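Reviewing the structure listed below.
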Amino acid sequence: MTGHAHLTPAQIRASLKHPVIDGDGHWVEYDPVFAEQMRKVGGDRAADGFLAAMDATRAALEMSVAERKRRRIAMPGFWTRQTGNTLDRATAMMPRLFYDRMDEFGTDFAVIYPTAGLRLPRIADDETRRAVIRAYNIVSAGYFEKLSDRMTPAAIIPMHHPEEAIAELEFATGKLGTKAAMFGSAFPRQVESVKADPEAGRFTVWYEVFGIDSPYDYDPVWSKCRDLRIAPTFHSTGSNQALRNSPTNFVYNHIGHFADAGHAACKGVLLGGITRRFPELRWAFLEGGVGWAAQLFGDLIEHWERRNIRALDNMRPEKLDRELLMSLVEKYAYGDILAALRERNGTPDPEHHGTGGLEDLDDFSRCRIARKQDWLDLFAVPFYFGCEADDRMNAIAFGRTNPFGAKLNAIYSSDVGHFDVIDMRDPLPEAYELVEDGFLTADDFREFVFGNSVRLWGTQNPNFFDGTPVAKEAKALLQQAPVRAAAE
C-alpha cells in the first residue's frame, strides 16, 4: 500500500544507522532442473515425490469449475510468477543474481525460505516425505553454499513424527551447516474413527498443532532445537481448509491463510506449556503479519481471566443457590420457567454439569501463569511474527494497545520472489512508510528491520551472524540486557 513518492531502497538504507535484515525472502526453485538434481542425490522416490507435490496445483487448474465444485477442491493460485518483470523473475530463480542485487533492495542479510518447498511437509506418505525433504535440503544448501555471507536458506524439517524431525535436524545442522529451519505445522492427520477412501480423506482430517492433543511427545524435538541452537520457525498454510475452500476464488482462499496457520500453532505451543518448559527457545510464525498475534495475545489473557482454575471455581454447579433462583423466578412471574425448575429440582441446566471426562479442568495449567510478567515471558518474549512490508497493521506491534504495554516482535519479511511483490525494490520503501506517516518511530523501525531478527536467530545461536556484514552490530545488540517488564 503506497501513497508516497519513494526514496530508493539504497537511499533509505544509506540514511539508517543500522543494518537491514530480511527475515523472510523467497527464492523460486525451477522445478524441472531442481527435481533432476534431487534425483541425483536422493533417487527416484525423492525426485518423483517432489514433482507429484507440484502436480496437485496443476491438476486443480486443469479441472473445470464444475468439477472443482463437485469435488470441493479449492481454487489454487494461477499466474503466480513474474513475467512482466523479467529481471525479478530471474532474480527469484537464481540465488547468485539475488545476491548481486541485495544492495539494490537495501538488504544487508536475508534468511531465504522455499517456494515449492513450502508444500513438502504436507506429503502424506512417510517414506516419500522423508526422501523428498532430505534431497531438497541437500540441493537447496548447494545453491547457497558460496553466498553465506549475505543469505542463508532455511532447511525444511518434517514434523509428522518426532524421530523424523530430530533426524533431519541433526542431518541439516551437522552435514549441511544449516542455521535456519522451517518446521511443518497445521498438516492433516486422519481422524481415527473414519475409514476414508482417497477422495473423502481430504475432509476427514484434523490439523496438528504440537502443543496440545498430539499423538506424540514433541518435547524431544524442542530439546534438540535447543541443543543444536535452532529457532523453530513456521511457514505453514491454512489455505484449502474449511472456510478457505472456494472452488472459484483464489483471493478468498489466500487472504489470512498464513495467519490462520500461525494462530493455530502459536496457541498450541503456548497452551501446551512449551514456552514454559523451554524458555530458551525463540519461535517465529511467518508471513501472516502481527495483527492476528496482537488479537490472540489479548484473547488468551481475557480467557485466562475468566477460565483460570480460580475463576472457574465460581462456575461450579453446586454453588448455585437454587432456592434464591426459584424465588426470583416466582417473584417476576415466569410461571413456565418456575414449573420447569420444579420438575428439575431447581437445577436450570443439568446437561451442563459434565466436564467431558477431564481430570485437569484448567486449560492453562501447563503454562503455570501467576502474574502479569508471565504473559510477557511466555508470549511476548519468545514469539516472533513475520510481517510483509506493506501491511499497515505492523504498527500494532509497537503501539500502546497491547496488554501490559507489551511490544510484540514483528520482523521485516519482504516475501520477495512471490506474486505479491510486484518489484523487489518495493518492500523496504513500503515498510518505511510507517515511519514517514508517523506510526513508527526510528527506534521502532530499527527493531522491525534489524533488532527483532537478530534476537530471533541470535538468542538461539549467538554465532548466527558471524561472517556477515551485520555481525558487529548483531553481537553488540545481543550483549545488551533485555528489558521486558509488565506495566502495572
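Rounded to the nearest 5, what is the percent of antiparallel bridges among the DSSP beta bridges in the chain? Around 10 percent of the beta bridges assigned by DSSP in the chain are antiparallel ones.
Computed over region 236-377, the percent of Cα pairs more than 26 Å apart is 51.
Calculated mean residue ellipticity at 222 nm for the chain: -12500 deg cm²/dmol, from DSSP H runs with n ≥ 4 weighted as -39500 (n - 2.57), summed, divided by the residue count and rounded to 500. Volume per residue for region 1-130 equals 168 cubic angstrom (convex hull of Cα atoms). Long hydrophobic helices in the chain, taken as whole DSSP H segments with a C-alpha length of 15 Å or more on their own axis and mean Kyte-Doolittle hydropathy at least -0.5: 31-62, 126-144, 162-175, 257-271. The value for region 166-314 of Rg(Cα) / (2.2 N^0.38 Å) is 1.18. Comparing Cα centroids, region 229-274 and region 37-115 end up 19 angstrom apart. Considering region 1-72 at the alpha-carbon level, its Rg and Dmax are found to be 21.2, 57 Å.
Hull volume per residue, based on the alpha-carbon atoms of the chain and their convex hull, is 195 Å³. Computed as a quarter of the hull surface, the mean projected area of the alpha carbon convex hull for region 323-397 stands at 11.0 nm².
Read-outs: derived from the displayed coordinates by stated rules, not from any lab. Computed from a prediction, not measured in an experiment: that's the story for all the values here.
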